[in-house]
Amino acid sequence: MAFINEMISEENIEKHHIKEIDKEFLMGQTNSEQWTIDYDRGMYLRCVARGRFEYRHQTTWTFYWHGVLLVLRLDLWGGGGDPGQPGWSRWVVKTISYNKTQDVLTPELEAQRPKILLDLKEALLAYKDFGIYSTNTDYEVILES
(Lines give C-alpha, C1' and ligand atoms only; values in the text may rest on other atoms or scores of the structure.)
Protein backbone atom coordinates (compact mmCIF):
# COMPACT_ATOMS: atom_id res chain seq x y z
CA MET A 1 0.00 0.00 0.00
CA ALA A 2 1.20 3.53 -0.70
CA PHE A 3 0.59 6.78 1.16
CA ILE A 4 -3.05 7.83 1.30
CA ASN A 5 -4.83 10.88 2.71
CA GLU A 6 -7.51 10.32 5.31
CA MET A 7 -9.15 11.65 8.43
CA ILE A 8 -7.53 10.24 11.57
CA SER A 9 -9.81 7.79 13.38
CA GLU A 10 -10.39 8.10 17.12
CA GLU A 11 -8.53 4.82 17.54
CA ASN A 12 -5.48 6.20 15.72
CA ILE A 13 -5.66 9.52 17.59
CA GLU A 14 -5.18 7.54 20.80
CA LYS A 15 -2.71 5.01 19.38
CA HIS A 16 -0.41 7.69 17.96
CA HIS A 17 -0.88 10.22 20.81
CA ILE A 18 -2.07 12.90 18.38
CA LYS A 19 -3.59 15.15 21.06
CA GLU A 20 -0.39 15.05 23.11
CA ILE A 21 1.66 15.89 20.02
CA ASP A 22 -0.63 18.84 19.25
CA LYS A 23 0.08 20.30 22.70
CA GLU A 24 3.75 20.61 21.74
CA PHE A 25 2.97 22.98 18.85
CA LEU A 26 1.06 25.96 20.22
CA MET A 27 2.36 28.64 17.83
CA GLY A 28 0.49 28.34 14.53
CA GLN A 29 -1.12 25.09 15.67
CA THR A 30 -3.35 23.43 13.07
CA ASN A 31 -5.04 20.73 15.19
CA SER A 32 -5.34 18.91 11.88
CA GLU A 33 -7.48 15.80 11.97
CA GLN A 34 -6.06 14.47 8.71
CA TRP A 35 -2.85 12.75 7.81
CA THR A 36 -1.04 11.14 4.92
CA ILE A 37 -0.32 7.57 5.98
CA ASP A 38 1.25 4.40 4.64
CA TYR A 39 -0.19 1.62 6.79
CA ASP A 40 2.05 -1.09 5.37
CA ARG A 41 5.26 0.75 6.25
CA GLY A 42 3.90 2.34 9.43
CA MET A 43 4.68 5.92 8.38
CA TYR A 44 2.60 9.07 8.49
CA LEU A 45 3.00 12.76 7.68
CA ARG A 46 0.92 15.45 9.37
CA CYS A 47 0.98 19.25 9.30
CA VAL A 48 0.98 20.46 12.92
CA ALA A 49 1.70 24.20 12.55
CA ARG A 50 1.60 26.88 9.90
CA GLY A 51 2.71 30.49 9.78
CA ARG A 52 0.23 33.31 9.37
CA PHE A 53 0.03 36.13 6.84
CA GLU A 54 3.41 36.72 5.19
CA TYR A 55 4.78 33.61 6.95
CA ARG A 56 2.08 31.27 5.63
CA HIS A 57 4.68 29.41 3.56
CA GLN A 58 6.42 28.26 6.77
CA THR A 59 5.08 24.95 8.02
CA THR A 60 5.90 22.40 10.70
CA TRP A 61 5.12 18.72 10.22
CA THR A 62 5.51 15.51 12.14
CA PHE A 63 6.76 12.56 10.14
CA TYR A 64 6.48 9.20 11.88
CA TRP A 65 9.28 7.34 10.16
CA HIS A 66 10.28 3.76 11.09
CA GLY A 67 9.29 4.17 14.73
CA VAL A 68 10.72 7.67 15.19
CA LEU A 69 8.63 10.83 15.33
CA LEU A 70 10.57 13.42 13.34
CA VAL A 71 9.80 17.14 13.37
CA LEU A 72 10.18 18.85 10.00
CA ARG A 73 10.27 22.55 9.16
CA LEU A 74 9.29 22.94 5.51
CA ASP A 75 8.82 26.09 3.47
CA LEU A 76 6.44 26.06 0.53
CA TRP A 77 8.09 28.18 -2.15
CA GLY A 78 5.65 27.66 -4.97
CA GLY A 79 2.85 25.62 -6.34
CA GLY A 80 0.10 25.60 -8.86
CA GLY A 81 -2.63 23.69 -10.58
CA ASP A 82 -6.33 24.35 -10.90
CA PRO A 83 -8.91 22.05 -9.27
CA GLY A 84 -9.39 18.90 -11.33
CA GLN A 85 -6.10 19.52 -13.16
CA PRO A 86 -2.49 18.44 -12.60
CA GLY A 87 -0.64 20.38 -9.91
CA TRP A 88 2.78 20.89 -8.41
CA SER A 89 4.51 22.25 -5.32
CA ARG A 90 8.06 23.24 -4.43
CA TRP A 91 9.10 22.50 -0.85
CA VAL A 92 12.35 23.47 0.87
CA VAL A 93 13.45 21.44 3.89
CA LYS A 94 14.68 23.87 6.54
CA THR A 95 15.21 21.40 9.39
CA ILE A 96 14.68 17.75 10.25
CA SER A 97 14.98 16.85 13.91
CA TYR A 98 14.12 14.04 16.26
CA ASN A 99 12.49 16.40 18.73
CA LYS A 100 10.98 19.86 18.77
CA THR A 101 13.73 21.61 20.72
CA GLN A 102 16.81 20.64 18.71
CA ASP A 103 17.16 21.12 14.96
CA VAL A 104 19.42 18.09 14.56
CA LEU A 105 19.19 14.37 13.96
CA THR A 106 21.01 11.69 15.87
CA PRO A 107 24.07 10.38 13.99
CA GLU A 108 22.12 7.20 13.19
CA LEU A 109 19.22 9.18 11.71
CA GLU A 110 21.56 11.58 9.92
CA ALA A 111 23.01 8.58 8.09
CA GLN A 112 19.44 7.80 6.96
CA ARG A 113 18.72 11.36 5.73
CA PRO A 114 18.60 10.39 2.01
CA LYS A 115 16.01 7.68 2.75
CA ILE A 116 14.03 10.04 5.01
CA LEU A 117 13.93 12.62 2.21
CA LEU A 118 12.90 10.01 -0.35
CA ASP A 119 10.02 8.84 1.86
CA LEU A 120 9.08 12.44 2.66
CA LYS A 121 8.86 13.28 -1.03
CA GLU A 122 6.63 10.25 -1.56
CA ALA A 123 4.35 11.37 1.28
CA LEU A 124 4.19 14.96 -0.03
CA LEU A 125 3.36 13.62 -3.48
CA ALA A 126 0.34 11.83 -2.00
CA TYR A 127 -0.56 14.89 0.12
CA LYS A 128 -0.57 17.05 -3.03
CA ASP A 129 -1.72 20.56 -2.13
CA PHE A 130 -4.33 19.99 0.59
CA GLY A 131 -4.32 16.35 1.70
CA ILE A 132 -7.85 14.95 1.80
CA TYR A 133 -9.14 18.21 0.34
CA SER A 134 -6.90 18.13 -2.74
CA THR A 135 -8.69 18.01 -6.08
CA ASN A 136 -5.61 17.90 -8.29
CA THR A 137 -5.27 14.89 -10.55
CA ASP A 138 -1.60 14.19 -11.26
CA TYR A 139 0.92 15.91 -9.05
CA GLU A 140 4.61 16.77 -9.02
CA VAL A 141 6.71 17.62 -5.96
CA ILE A 142 10.02 19.41 -6.02
CA LEU A 143 11.81 18.83 -2.71
CA GLU A 144 14.98 20.77 -1.94
CA SER A 145 17.11 20.22 1.12
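Worth a mention:
- Here the condition is being closer than 19 Å to GLY51 by Cα, in contact (Cβ under 8 Å) with a residue 12 or more places away in the chain and in a loop (DSSP other than H, G, I, E, B); of ASP129, ASP75, it holds for ASP129 alone.
- Residue under evaluation LEU118, criteria (1) in contact with a Phe, Trp or Tyr (Cβ under 7 Å, 6 or more places away or on another chain); (2) modelled with pLDDT of 95 or more; (3) of a type in the set (A, V, I, L, M), criterion not met: (1)
- Test: residue in the stretch 48-70 that is without any contact (Cβ under 8 Å) to a residue 24 or more places away in the chain, of a type in the set (Lys, Arg) and either within 22 Å of ILE13 (Cβ to Cβ) or surrounded by fewer than 18 Cβ atoms within 10 Å (Cβ to Cβ) (or both): yes
- Scanning the stretch 81-113 for residues that are farther than 20 Å from GLU144 by Cβ and either in contact with a strand residue (DSSP E or B) (Cβ under 8 Å, 6 or more places away or on another chain) or aliphatic (A, V, I, L, M) (or both) turns up PRO86, TYR98, ASN99, LYS100, ALA111.
- Scope the stretch 1-57; condition hydroxyl-bearing (Ser, Thr, Tyr) and either assigned to a loop (DSSP other than H, G, I, E, B) or over 19 Å from LEU76 (Cβ atoms) (or both); matching residues: SER9, THR30, SER32, TYR39, TYR44
- Number of the condition not met by PRO114 [criteria: (1) within 19 Å of LEU143 (Cα to Cα); (2) outside any helix (DSSP H, G or I)]: (2)
- Residue check: VAL92 meets all listed conditions (1) farther than 18 Å from ILE142 by Cβ; (2) aliphatic (A, V, I, L, M); (3) part of a strand (DSSP E or B) but one, namely (1).
The values are calculated or read from the model by the stated rules, or taken from the named source; none is laboratory data. Because the structure is a prediction, the values reported are computed rather than measured. As a convention, Cβ positions derive from the backbone with ideal geometry for all residues, glycine included, and neighbour counts pool all protein chains shown.
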